[in-house]
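Participant: Okay, handing you the structure first.
The values are calculated or read from the model by the stated rules, or taken from the named source; none is laboratory data. If you're wondering where the values come from, they're calculated on a predicted model, not measured in any experiment. Methodologically, a virtual Cβ is constructed for each residue, glycine included, from the backbone with ideal geometry; neighbour enumeration extends over all protein chains shown.
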């Protein structure tokens, strides 16, 4: 397989595997978004930040959504989510290995961790900056909960969401939250892919396991937990900024990511930054496992070397 041909396949398989992961974990993503937005800037300290919630925990929150909106409520935002993975994740996962080589990583089994982290951060930043509009629409559609009498949905469909945002705010409106989105993507990709890569080759080098599906699953589990731990605070900030009303008659609640961070900590305490941590972990974990499992199996199928 020629180098150029291999690069094309790498990007294609990266997008396909991430879209599979997003399809399976969309319900968890919806629960996470609702929990992150709940009791926004209500004054709570300590454990009070996670009490008195409408979406009371992962299981009860999911049951509440199904009761209020039907099973379809768990699949809100699926189309923009797939659009996001088809752009953002195609780039971040597809460009990771070429960037790692650019930093001098010629031996996958003995590559310094810092080179992997740098490659992940750069690929995540590029992919996220391009795909922010799809992320914005995904968040807003997933955030729309039960409609009360006389209330109309914020957007009727994915296409109408893009149209409405551009009509009211212009093209710049599609890039609301690009700052925290890019920061989250840089942190996520600098954690997720290098964690998988490093855990996998550490296990292989120690001869504890051999290349195969079980190794891929275990390495993915390590990567999923590490990613949830590092990204939860910035994920909450991203969700809050993207979801806030931005029409002319609404004043912005958050000026920027740092303003959002300090307001959350002041009003809700440090635990406010970890609202939705369990569904975030429950989403990233399976998403990571499914993505890398499929990515590795597809690579094997076409004769491409494993990560």
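Participant: Check every one of the helices (runs of 4 or more DSSP H) wholly within the stretch 1-106 and list those with 3 or more residues that are modelled with pLDDT under 95, surrounded by 15 or more Cβ atoms within 10 Å (Cβ to Cβ) and at positive phi.
Facilitator: Result: empty, no element qualifies.
Participant: Please verify whether residue 199 is over 18 Å from the mean Cα position of the chain (by Cα) and closer than 20 Å to residue 95 by Cα, treating the condition exactly as stated.
Facilitator: yes
Participant: Looking only at residues that are more than 15 Å from the chain's Cα centre (by Cα) and closer than 16 Å to residue 94 by Cβ in the stretch 109-136, which one is surrounded by the fewest Cβ atoms within 10 Å (Cβ to Cβ)?
Facilitator: 122
Participant: Could you give every pair whose Cβ atoms fall below 8 Å, whose first residue belongs to the stretch 194-219 and is free of Cβ contacts under 8 Å to residues at least 40 places away in the same chain, and whose second residue is outside any helix (DSSP H, G or I), counting only separations of at least 6 or pairs across chains?
Facilitator: 203/209; 215/209; 218/209
Participant: Does residue 233 qualify as being free of Cβ contacts under 8 Å to residues at least 60 places away in the same chain, crowded, with 18+ Cβ neighbours inside 10 Å, under 23 Å from the mean Cα position of the chain (by Cα) and assigned to a helix (DSSP H, G or I)? Full working, then the answer.
Facilitator: Working: free of Cβ contacts under 8 Å to residues at least 60 places away in the same chain: yes; crowded, with 18+ Cβ neighbours inside 10 Å: yes; under 23 Å from the mean Cα position of the chain (by Cα): yes; assigned to a helix (DSSP H, G or I): yes.
Considered against the rule, which asks whether it is free of Cβ contacts under 8 Å to residues at least 60 places away in the same chain, crowded, with 18+ Cβ neighbours inside 10 Å, under 23 Å from the mean Cα position of the chain (by Cα) and assigned to a helix (DSSP H, G or I), residue 233 comes out as yes.
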